[in-house]
Amino acid sequence: MRHPIPVSCLLALLLFPGLAGEARAADAYATPADLGKALFFDTNLSKNRTQACATCHNPANAFTDPRETAVGRAVSLGDDGTSLGDRNTPTAAYAKFAPKFQRLKDGRYVGGQFLDGREPDLAGQAG
């Protein structure tokens with residue numbers, strides 16, 4: 001049985017490579033953007049090591065999930081290849097520009113990273 005490595009452990013090894021006896025992360029990636037891109041496409045960060053951020057937030061499809069499921073594109077496929085979520089993956093485009101989730105004086109809700117407001121900002125969404 002596989003034992004997934006927690007994301008926090010992987011990030012610690014990337015940020016503190018001396019712990020792993022490897023070359024420094026700064027040496028492996030020319031810029032922080034290069035490191036971010038590598039992480040975005042890395043399937044090893046998912047529980048089953050089968051799905052990257054880019055799997056559901058596909059850059060070629062405006063950072064949305066283009067995959068067909070048994071119910072069309074209404075919901076996204078899980079990293080186990082069979083389970084279905086309860087919503088489709090929202091676009092990741094322009095996510096950093098979204099204001100924090102809040103209720104305006106006129107009663108409207110705006111901002112946040114999800115339509116239901118479960119994460120107020122990008123830091124919360126990233127976990």
Practice problem: Using the structure shown, decide if Lys47 is touching a residue at least 24 places away in the same chain (Cβ under 8 Å) and either surrounded by 12 or more Cβ atoms within 10 Å (Cβ to Cβ) or not aromatic (Phe, Trp, Tyr) (or both). | Solution: yes
Exercise. State all residues of the range 50-59 that are under 20 Å from Phe114 (Cα atoms) and touching a residue at least 12 places away in the same chain (Cβ under 8 Å); if no residue qualifies, say none.
Key: Ala52, Cys53, Ala54, Thr55, Cys56, His57
Self-check item: Filtered residues of the range 9-60 (kept if at pLDDT below 55 and under 27 Å from Ser76 (Cα atoms))
Solution: Cys9, Leu10, Leu11
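Test of understanding: among Thr89, Thr82, which residue is assigned to a loop (DSSP other than H, G, I, E, B) and at pLDDT below 85?
Values: Thr82 fails: at pLDDT below 85.
Sole residue among the options that is assigned to a loop (DSSP other than H, G, I, E, B) and at pLDDT below 85: Thr89.
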Quiz prompt | Flag for Glu68 being in contact with a Gly (Cβ under 7 Å, 6 or more places away or on another chain) and among the acidic types (Asp, Glu) | solution = no
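Residues are listed down the side, and each one gets a yes or a no for (1) within 26 Å of Asn48 (Cβ to Cβ); (2) touching a strand residue (DSSP E or B) at 6+ places or on another chain (Cβ under 9 Å):
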position	(1), (2)
Ser83	yes, yes
Pro90	yes, yes
Lys96	no, no
Phe101	no, yes
Asp106	no, no
Val110	no, yes
Gln113	yes, no
Ala123	yes, no
Ala126	yes, no
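Kindly establish whether Pro32 is touching a helix residue (DSSP H, G or I) at 6+ places or on another chain (Cβ under 8 Å) and on the phi < 0 side of the Ramachandran plot.
Working: touching a helix residue (DSSP H, G or I) at 6+ places or on another chain (Cβ under 8 Å): no; on the phi < 0 side of the Ramachandran plot: yes.
Taking the combined requirement at face value, the residue does not satisfy it.
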Exercise. For the range 97-110, enumerate the residues that are part of a loop (DSSP other than H, G, I, E, B), of a type outside the set (D, E, K, R) and surrounded by 12 or more Cβ atoms within 10 Å (Cβ to Cβ).
Key: Ala98, Phe101
Quiz item: Considering the range 82-99 alone, what residues qualify as being of a type outside the set (Gly, Ala, Ser), within 14 Å of His57 (Cα to Cα) and out of contact with any Cys (no Cβ under 8 Å at 6 or more places or on another chain)?
Solution: Arg87, Asn88, Pro90, Thr91, Tyr94
Quiz item: Yes or no: Gln113 surrounded by 11 or more Cβ atoms within 10 Å (Cβ to Cβ) and modelled with pLDDT of 85 or more?
Solution: no
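The values are calculated or read from the model by the stated rules, or taken from the named source; none is laboratory data. Quick caveat, the model's predicted, so the values are computed rather than measured. We place every Cβ from the backbone using ideal geometry, glycine too, and count neighbours over all the protein chains shown.
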